[in-house]
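The values are calculated or read from the model by the stated rules, or taken from the named source; none is laboratory data. Just so it is clear, the structure is predicted and the values come from calculations on it, not from any experiment. Here the Cβ positions follow ideal geometry from the backbone for every residue, glycine too, while neighbour counts run over all protein chains shown. Just so you know, the surface numbers come from the protein's heavy atoms only, side chains and all, with ligands and any DNA or RNA stripped out. Shrake-Rupley method; radii C 1.70, N 1.55, O 1.52, S 1.80 Å.
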Amino acid sequence: MDQLTNPVLPGFHPDPSICRVGEDYYIANSTFEWFGGVMISHSRDLIHWRTLGPALTRLAQLDMRGDPDSGGVWAPCLTYADGRFWLVYSDTRTWQQGFKDVHNYVVWTDDITSGAWSDPHYLNASGFDPSLFHDDDGRKWVHNMVWDHRPERHSFGGILLQEYDHDAGQLIGPVTNIFAGTAARVTEGSHIYKRDGWYYLLLAEGGTGRDHCVTMARSRSITGPYEEHPDNPVLTARHDLGLTLQKSGHGSLVETPDGEWWLAHLAARPLDGASILGRETALQRIAWGADGWPRLADGGREPRMSWPRPALDPHPWPSEYGEDRFAGETLPPWYQSRRIPADPSWCRLGGEPHALRLCGQESLASRHRTSLIARRVEHFACRAETTVTITPRDHQHMAGLVALYDAATWYYLYISADEQRGRVLRVAWSKNGRYAEAVGAVTPVPVDGPVDLALELEQLRLRFCWRIDDGPWQAIGPTHDAHALGDEFGDHGHFTGAMVGMACQDLSGARAHADFARFSYRPL
């Protein structure tokens with residue numbers, strides 16, 4: 001591969017924080033209400049990436065029960081210092097109605113590949129997007145945006161800075177507002193870098209929609225005052241709606257061993273106004289000018305779809321697309337649950353024949369306990385399949401295949417029971433919390449045995465189908481308009497991206513189960 005092609009992390013991979021240790025590169029992405037929290041990806045050439053899995057895997061690190069849709073983990077910061085990895089993150093408990101109830105934490109690990117991160121140290125709750133900077137004098141500094149709920153003030157009140165004492169496990173000393181932001185406003189997503197005696201403040205501004213951008217400022221002192229980059233914004237797509245990578249912003253910097261600099265940033269590729277893949281991660285080449293300011297290496301400020309490949313040896317990984325049979329003791333790292341850990345109380349692996357057993361809990365509309373295992377949609381044309389065995393007790397016991405955005409918006413092909421027709425297939429959906437079913441598509445199936453379920457996404461059309469005993473696939477229900485899976489749809493939360501997966505409910509509370517023998521995801 002002679003080029004780096006964007007996005008390098010397709011699908012729901014927003015707010016990238018990039019970090020290099022030796023020849024290894026790591027990106028941490030926001031996960032919002034999906035558990036485990038903070039997805040970590042790994043590369044050795046900046047082109048090929050593999051999923052290491054989430055960093056936050058215990059309730060002691062992250063308890064999102066009751067968190068709103070698109071709440072939970074916002075904008076992590078991944079750094080390396082003192083022989084260990086450091087991860088700072090937010091748990092956003094409220095983000096609407098004028099307030100942001102957000103709690104910021106730091107965890108650490110000596111081995112990022114093990115997934116064994118520490119219990120958290122609590123930092124503060126003054127605002128979101130916390131970041132940790134390790135100065136060359138050994139001191140550590142936490143900075144985050146400050147939220148101002150007062151209607152007469154701009155709600156994004158600048159960047160707060162405070163020293164962090166790791167031995168004491170707390171922030172110490174004065175709190176300083178080091179930068180109020182540029183004219184782009186909506187100042188968030190800060191990272192600090194030190195180069196040639198300057199502290200460079202990298203910012204996300206303009207809001208995470210079409211006006212999103214990356215801006216910069218610098219100072220000789222970490223506490224300021226900071227002067228703005230003369231060519232702000234450094235990166236944006238806001239002036240050209242024809243660019244493929246829209247919403248470009250929220251970046252972080254990394255330097256290769258050969259002195260190349262790259263900017264990791266979020267972007268979206270909307271189709272007919274719908275970003276069904278969510279906000280993705282892209283990379284842009286950076287060059288430092290004679291004036292000491294960084295700019296895109298081509299001299300522009302608009303995100304490019306490709307660059308000449310980095311001066312790094314190619315290092316591809318095995319494909320993460322295909323069929324999973326759940327024969328191991330743990331789920332493959334690209335699967336996540338929603339708000340709660342996939343613990344043995346409801347998610348069990350290694351049954352016969354190597355099935356994933358889900359014990360039913362609350363409905364897909366719940367913000368507390370759902371039995372749901374899903375992975376990101378990473379292609380505009382893809383197919384997902386599963387094989388499910390369930391003997392439903394009644395209409396409250398169900399299981400099947402789901403494509404979803406959040407608790408308010410999803411499409412569901414499921415097996416349940418009907419008083420007159422016995423075991424049946426049904427198609428249901430919810431858009432902005434408005435529930436509906438394809439009543440005319442209720443289809444009886446044999447009283448027992450496995451059923452294959454599938455969905456196909458083709459651009460903005462979504463279709464379900466099913467079969468038994470390797471017979472022909474049969475369509476069921478309507479062809480759905482997949483606009484609803486995009487960030488921009490209606491009034492639902494707008495920070496995640498489409499997911500596909502397996503779900504089981506038992507609305508009676510008895511936790512009756514369903515077994516999933518396989519799950520596959522493939523691009524078309």
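You will find that of D452, D515, D487, the residue that is open to solvent by less than 20 Å² (accessible area, probe 1.4 Å), assigned to a strand (DSSP E or B) and acidic (D, E) is D452 and no other.
The residue that is surrounded by the fewest Cβ atoms within 10 Å (Cβ to Cβ), among those in the range 170-202 that are among the polar types (S, T, N, Q) and in a loop (DSSP other than H, G, I, E, B), is T182.
Rundown of residues vs (1) closer than 27 Å to W34 by Cα; (2) within 19 Å of the chain's Cα centre (by Cα), yes/no style:
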{"site": "G273", "(1), (2)": "yes, no"}
{"site": "I276", "(1), (2)": "yes, yes"}
{"site": "G289", "(1), (2)": "no, no"}
{"site": "W293", "(1), (2)": "no, no"}
{"site": "P310", "(1), (2)": "no, no"}
{"site": "H315", "(1), (2)": "no, no"}
{"site": "P318", "(1), (2)": "yes, no"}
{"site": "T330", "(1), (2)": "yes, no"}
{"site": "W334", "(1), (2)": "yes, yes"}
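For the range 260-271, name all the residues that are within 30 Å of W288 (Cβ to Cβ) and either over 17 Å from the mean Cα position of the chain (by Cα) or open to solvent by 10 Å² or more (accessible area, probe 1.4 Å) (or both).
E260, W261, W262, L263, R269
The residues listed here are D167, D136; of these, the one that is in a loop (DSSP other than H, G, I, E, B), in contact (Cβ under 8 Å) with a residue 24 or more places away in the chain and over 29 Å from the mean Cα position of the chain (by Cα) is D136. I want to confirm something. Restricting to the range 139-164 and keeping residues that are charged (D, E, K, R) and part of a strand (DSSP E or B), which single residue is most open to solvent (accessible area, probe 1.4 Å)? Looking at residues that are charged (D, E, K, R) and part of a strand (DSSP E or B), I get E163.
Selection of strands (runs of 3 or more DSSP E) fully inside the range 373-418 by the criterion of at least 2 residues being open to solvent by 10 Å² or more (accessible area, probe 1.4 Å) returns 381-389, 409-418. Screening the range 28-75 for residues that are at pLDDT 95 or above, of a type in the set (S, T, Y) and assigned to a loop (DSSP other than H, G, I, E, B) and picking the one that is nearest to D258 (Cα to Cα) gives S30.
Residues in the range 81-111 that are open to solvent by less than 50 Å² (accessible area, probe 1.4 Å) and more than 20 Å from W34 (Cα to Cα): A81, G83, F85, W86, G98, W108, T109.
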